[in-house]
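Heads up: the structure comes next, in structure tokens.
The values are calculated or read from the model by the stated rules, or taken from the named source; none is laboratory data. Because the structure is predicted, anything quoted here is derived from the model rather than measured. Glycine gets a Cβ as well: all are built from the backbone with ideal geometry, and neighbour counts include every protein chain shown. SASA here: full protein model, heavy atoms, side chains in, ligands and nucleic acids out. Shrake-Rupley method; radii C 1.70, N 1.55, O 1.52, S 1.80 Å.
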Amino acid sequence: MNSKDNVLEIKDLKVDAHTVMGTAELLNIKHLEIKTGEIFGIIGESGAGKSLLALTILGLLPKNVYVKNGQILYKGEDLLKKSQEELSQRIRGKGITMIFQDPMASLNPVFTVYDQVSQVISRHNPGLSKKQLYDRVIEMLELVKLSDPENTMKKYPHELSGGMRQRVLISMALSAKADLLISDEATRALDVTIQAGILKLLEELAEKLGLSTLFISSNMALASTVCQRLGILYAGEVLEIGRVEEIIRNPRHVYTRSFLSSLPTVEKKGKPLPIIKGIYPDPLNKAKGCIFADRCPDYSAECSQNKPTYHEVIPGHFLACIKEEKHKPSSDNDMD
Amino acid sequence: MDWGEINLKNEVILEAVGLKKYFPIETGFLKKSIEYVHAIDTVNIKVNKGEALGIVGESGCGKSTLAQVLVNIYSPTEGKIFFEGVDVSPKAARNSLGFKKNIQMVFQDPFWSLNPRKMVRDIIMEPLKVHRIVEYECFDTEIERLMDMVGIGKKRMFSYPHEFSGGERQRIAIARALAARPKLVILDEPTSSIDTLSQAEILNLLIELRDEFNLSYILISHDLSVVHFLSDRLAVMYLGKIVEIGKTETVFNLMYHPYTQALMKAIPLISSNGTVQNIEALEGNVPSAINPPKGCRFHTRCYKCQEICRNKEPELREFEDGHFAACHFANQS
């Protein structure tokens, strides 16, 4: 594990929130890394903390939410130690950038595409001449494969289709040459045919610019088509991280297995889909032991006593489950 | 024209013949209509008793409009609708309670389709009252029965919608739809706004209910894996027209129409043995429904496009038993 290869590394991150009902434990991530140039997927249901993780990385937490402890290392620098001013000057936009679910809500309806893209560019490169700015906008729109950039940039967001809007947003996000893109369900509002185009674009950008992407999604099939590695997030905790093929063919955590088996694939037609009993954990009142214990079919008493250690089962594949620990008497060396 | 039938022994519950819905675009002081949005253009469908018909297509292809015309939210511009052999096209017939009771709808987003100011009991009670399903004294037992059926504890009868999760809300919406004891339920993207695990529960529930009450479904979705799981027959729509219709398995395996192929290729799927399908994007956008392209409506994006496609609109032709596609070059690869 060479930390130079990682664009982002999260260590022992705990995020809590003050509420009227008490303290809610929202995130508890032992270790997570995003390598340079890779597309890393975070999969979870709604309420798992996927979007909160993105906001924590960007330092945009709501007022009542705070980081209890941990480190978020972006190219070796701890983002949590930086001031808001430093973050907005040097990190947000220039280093880490983000695209959101609904492109229409992220674009300003009263300005043209040119106005909006050029504003971002001139904010990060003050002193560009009009001509230079114009060329940069064209360059950015060509980068995201918008057809006919000269005409497109004169249009208002409502004149564009959903896929084109999302492309404009990606071009804005990348216009300050960021090297980590956070995509928060960016294709959810799009049609499947358009979605496929955006996914292809993300893959190309990763290849061409060496852009790393944190791909947040609740759709396992979608994420597995673009990502190289996946992390499974459940109630704020990462249960399993591994390469996509490993996670899909050989899921080790019961939750991952249930998640996969509840997908209605072609072969499962005519049979009831297996489901997990129980309800999602309440962040105000989290279990002391394994977070998944009360819904787990392989439950035993020790599960609810101790938190499972987060260990490496095979190289590059991490897991938090007591049962698997016993099956494979392997190392705890990731905890060093 | 008689097509789209898989089992002649089956009774047809709903049939639409030559259905059209144009929305006028009104401009100027006199609200003169000069242009029309061709939302659905000459659609023929049949739904058999106990069958689930899936409808897929991109947004803007008219699948939701079709559902809304069938359930009488909009009246059709042209065409006839038959319910159990009775012509319900006249306004009076469609507005009668007897007809409305038979077709119920479950909407896409359970966060919007349930009245936030009403308790679950009142939400489910509404159809019971309107359609006089049971006597007033039996309302509570009936509501308990319905809640039990969709798997929500009857203790929560006096809760409000915001107290439920997305999956549970969709169950309440299903309970409300079934309260009127319909024969046909139209499901408009029933699982697209809920999580994967809740989706599995809802899909199981829908199948159980169908087997128990011999319901027919029309399932509208853009998620092909959901459609494949639930439906017996599948119709693919593009720009207001059905381009391919047949048994779900045949549509998935044969894919006569180039649009069906493009749609299938764009969908991320994991198969049970753990292989991930490589996705391919379909270039271009759906053309405007105000001035749909001449000839075949798909020709602007089709890789098979030739001269004839630009001029002559292809008819639905039968390729297999009960499998139709509208393409000039359907059986040439």
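May I ask for the net charge around B:Gly62, where only other residues with Cβ less than 13 Å from the Cβ of B:Gly62 are counted and Lys, Arg are +1 while Asp, Glu are -1?
In short, +2.
At q = 0.06, 0.14 Å⁻¹, what log₁₀ I(q)/I(0) does a Debye calculation on the Cα points of chain B give, no solvent, two decimals?
Results for chain B at q = 0.06, 0.14 Å⁻¹ read -0.23, -1.17.
Taking a probe of 1.4 Å and counting only protein heavy atoms, give the total accessible area buried between chains A and B in Å², rounded to the nearest 100.
Accessible area lost upon association: around 3300 Å².
Over what distance in Å are the Cα centres of segment B:297-327 and segment B:148-177 separated?
Value for the Cα centre distance between the two parts: 45 Å.
So what's the convex hull volume per residue for the Cα atoms of segment B:113-238, in Å³?
116 Å³
Name the aspartates and glutamates eligible as straight-distance cross-link partners of A:Lys155: C-alpha to C-alpha under 20 Å, and not fewer than 8 places from it in the same chain.
Counting by Cα, and skipping residues close in sequence, A:Lys155 has these aspartates and glutamates nearby: A:Asp102, A:Asp115, A:Asp135, A:Glu139, A:Glu142.
Per-residue ellipticity at 222 nm for chain B, helices alone: DSSP H runs ≥ 4 residues times -39500 (n - 2.57), over residue total, nearest 500 deg cm²/dmol?
Value at 222 nm, helices only, nearest 500: -9000 deg cm²/dmol.
With an 8 Å Cα cut-off and a minimum separation of 6 or more residues, compute the relative contact order for chain B in percent.
Relative CO of chain B lands at 20 percent.
Might you work out the accessible area of A:Asp294 for me, using a 1.4 Å probe with all protein chains in place, and round it to the nearest 10 Å²?
120 Å²
Looking only at other chains, what is the average number of their beta-carbon atoms within 10 angstrom of each beta-carbon in A:212-219?
Counting other chains' Cβ atoms within 10 Å and averaging over A:212-219 gives 1.
Using all C-alpha to C-alpha distances in the protein assembly as shown, build P(r) with 10 Å bins and read off the rounded percent in each one.
Using 10 Å bins, I get a P(r) of 3, 14, 23, 25, 20, 12, 4, 0, 0 for the protein assembly as shown.
Rounded to two decimals, what is the ratio between the C-alpha radius of gyration of segment A:168-211 and 2.2 N^0.38 Å?
Cα-based Rg divided by the globular estimate yields 1.14.
Relative contact order of chain A: what whole-number percent is it, with Cα pairs under 8 angstrom and at least 6 residues apart?
20 percent
Please calculate the 1.4 Å probe accessible area of B:Glu280, with all protein chains present, and give it to the nearest 10 Å².
Roll a 1.4 Å probe over it and B:Glu280 shows about 100 Å².
All other residues with a Cβ under 9 Å from the Cβ of A:Gly59 taken together, and with Lys, Arg as +1 and Asp, Glu as -1, what is their net charge?
+2
Given contacts defined as C-alpha pairs under 8 Å and at least six residues apart, what's the relative contact order of segment A:233-285, whole-number percent?
Over segment A:233-285, the number comes to 30 percent.
Quick check: convex hull over the Cα atoms of chain A, volume per residue in Å³, rounded to an integer?
156 Å³
Using only the heavy atoms of the protein chains and a 1.4 Å probe, how would A:Asp282, A:Asp191, B:Asp109, B:Asp321 rank by accessible area, largest first?
B:Asp321, A:Asp282, B:Asp109, A:Asp191
Tell me which aspartates and glutamates have Cα within less than 18 Å of B:Lys294's Cα, excluding those fewer than 8 residues away on the same chain?
Cα-Cα hits under 18 Å: B:Glu35, B:Asp41, B:Glu307, B:Glu313, B:Glu315.
Arrange the residues B:Cys61, B:Cys305, B:Cys138 by how much accessible surface each exposes, largest first, with a 1.4 angstrom probe.
If we order B:Cys61, B:Cys305, B:Cys138 from most to least accessible, we get B:Cys138, B:Cys305, B:Cys61.
Sorted by accessible area (1.4 Å probe), largest first, how do A:His317, B:His38 line up?
B:His38, A:His317
For every helix of n ≥ 4 consecutive DSSP H residues, a contribution of -39,500 (n - 2.57) applies; sum these over chain A, divide by its total residues, and give [θ] at 222 nm rounded to the nearest 500 deg cm²/dmol.
Dividing the helical sum by the residues of chain A leaves -8500 deg cm²/dmol.
Using a cut-off of 12 Å between beta-carbons, work out the net charge of the residues near A:Glu38 (Lys and Arg +1, Asp and Glu -1, A:Glu38 not included).
Net of charged neighbours comes to -2.
B:Met255: accessible area at probe 1.4 Å, nearest 10 Å²?
In the full protein context, B:Met255 sits at about 50 Å².
If eta is 1.567 mPa s and T is 4 °C, what Stokes-Einstein diffusion coefficient results for segment A:1-89, Kirkwood Rh from Cα pairs, in µm²/s?
93 µm²/s
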